[in-house]
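First comes the structure, then the notes that go with it.
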Amino acid sequence: MRGCGAYLPERVLSNDELSRMVDTSDDWIVKRTGIHQRHIAAEGETTSQLGTKAAQAALNAAGLTGSDIDLIICATSTPDYTFPATATQIQHALGIDHGVAFDLQAVCSGFVFAVATADKFLTSGSHKRALVIGAETFSRILDWEDRGTCVLFGDGAGAIVLEAQNGTQSIMDRGVLTSHLRSDGQHRSKLFVDGGPGSTRTVGHLRMEGREVFRFAVGMITDVIEDALNALGISASDIDWFVPHQANRRIIDASAQKLGIAPEKVVVTVDRHGNTSAASIPLALSVAVADGRIREGDLVLIESLGGGFTWGSAVIRW
């Protein structure tokens with residue numbers, strides 16, 4: 001793990017402002033989600049632009065330039081275009097004309113899936129350094145008259161730089177130690193977008209059965225976390241930092257409690273960022289690194305659940 005970076009759009013949309021747009025209130029939103037505000041991309045500000053700024057920040061933190069990168073994976077559900085891939089737009093914006101760049105779509109689990117994918121590329125020896133990016137402009141697919149969804153989501157991007165290095169094949173190695181991914185398409189109706197080029201020929205809007213998502217989230221994510229802990233022969237108490245997908249404060253708290261992870265080890269940014277889908281974990285990582293919580297050698301657990309459903313976990317030695 002060489003470095004991480006983040007970018008948030010300048011515009012901040014508070015709960016009070018939202019309450020003037022839709023039938024809701026700050027008290028209602030905070031009690032049910034823990035969210036106080038979210039960032040919204042400006043007119044003409046695209047997912048690739050957010051991703052590029054986060055990627056450049058990660059490169060700066062790593063002391064590297066675009067010429068050092070030969071793999072770019074961008075996790076996003078809100079690409080600039082149907083094609084080409086948003087990752088290729090970021091690649092070009094960074095002045096990179098070598099290696100490979102592609103998008104990965106697993107909704108809110110996208111960053112965890114992208115980390116696992118990059119790890120496989122790097123450990124195979126095919127590539128040396130990867131930019132793994134989560135970037136979203138979910139404000140573009142929200143129904144701003146649906147208070148059950150529009151209060152939850154925001155825009156942003158985060159990125160990390162992973163580098164292949166020789167290790168000892170032990171739990172003390174730095175980098176991705178284990179990853180566990182799952183999906184089950186039978187749950188599509190619980191969290192989906194009601195449009196697409198191959199069906200309605202429209203972009204569509206996000207639709208969600210909130211109670212069902214909450215119930216499945218707490219149950220499903222704990223299995224891939226337990227798989228990760230068992231694979232490494234460790235317990236939840238050995239984790240230094242738990243950085244979950246920032247979907248809802250109640251889901252985060254319930255998941256940590258079920259796993260027996262102490263509250264002081266949980267990184268929470270949903271109050272400031274809202275749910276930024278694939279961008280939420282790298283944004284949270286960047287906050288915790290910047291404020292000095294996550295340090296070199298720390299054992300970090302990340303996890304997420306996304307529409308479909310998809311879900312996954314990874315344990316990283318920072």
note = All-but-one check, ILE221 against (1) free of Cβ contacts under 8 Å to residues at least 24 places away in the same chain; (2) open to solvent by less than 20 Å² (accessible area, probe 1.4 Å), failing number (1)
message = Condition (residue is at pLDDT 95 or above, in a loop (DSSP other than H, G, I, E, B), at positive phi and in contact with a helix residue (DSSP H, G or I) (Cβ under 9 Å, 6 or more places away or on another chain)) applied to the stretch 99-108: is it met by at least one residue?
response = yes
key: GLN169, sole failed condition from (1) part of a helix (DSSP H, G or I); (2) modelled with pLDDT under 95   = (1)
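Select from the stretch 33-54 the residues that are small (Gly, Ala, Ser) and not in a helix (DSSP H, G or I) and list them in ascending order.
Looking only at the stretch 33-54, we keep the residues that are small (Gly, Ala, Ser), and these are 34, 41-42, 44, 48, 51, 54.
Within the stretch 33-54, GLY34, ALA41, ALA42, GLY44 qualify.
Pick out the one residue from ALA114, ALA106, ALA135, ALA130 that is open to solvent by less than 20 Å² (accessible area, probe 1.4 Å) and over 18 Å from ALA284 (Cβ atoms).
Of ALA114, ALA106, ALA135, ALA130, the one residue that is open to solvent by less than 20 Å² (accessible area, probe 1.4 Å) and over 18 Å from ALA284 (Cβ atoms) is ALA130.
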task = Among residues belonging to the stretch 53-77 that are of a type outside the set (Gly, Ala, Ser) and buried (at least 24 other Cβ atoms within 10 Å of the Cβ), point out the one that is nearest to SER280 (Cα to Cα).
result = THR76
task = List the number of the failed condition for VAL289; all other conditions in (1) more than 17 Å from CYS108 (Cβ to Cβ); (2) in contact (Cβ under 8 Å) with a residue 60 or more places away in the chain; (3) open to solvent by less than 20 Å² (accessible area, probe 1.4 Å); (4) hydrophobic (A, V, I, L, M, F, W, C) hold.
result = (3)
note = Given (1) open to solvent by 30 Å² or more (accessible area, probe 1.4 Å); (2) assigned to a helix (DSSP H, G or I); (3) without any contact (Cβ under 8 Å) to a residue 40 or more places away in the chain, ALA256 misses just (1)
request  = Given the conditions (1) in a strand (DSSP E or B); (2) surrounded by fewer than 21 Cβ atoms within 10 Å (Cβ to Cβ); (3) not basic (Lys, Arg), report the number of the one that VAL203 does not fulfil.
outcome  = (1)
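Among the residues of the stretch 1-32 satisfying the criterion of being assigned to a strand (DSSP E or B) and touching a Lys or Arg at 6+ places or on another chain (Cβ under 6 Å), which is most open to solvent (accessible area, probe 1.4 Å)?
Step one: of the stretch 1-32, the residues assigned to a strand (DSSP E or B) are 3-7, 11-14.
Those left that are additionally touching a Lys or Arg at 6+ places or on another chain (Cβ under 6 Å): 7, 13.
Values: TYR7: 47, LEU13: 2 Å².
So the residue we want is TYR7.
The values are calculated or read from the model by the stated rules, or taken from the named source; none is laboratory data. Since this is a predicted model, take the numbers as computed values, not measurements. Using ideal geometry, Cβ is built from the backbone for each residue, glycine included, and neighbour counts are taken over all protein chains shown. Ligands, DNA and RNA are excluded from the accessible area calculation, which covers all protein heavy atoms including side chains. Shrake-Rupley method; radii C 1.70, N 1.55, O 1.52, S 1.80 Å.
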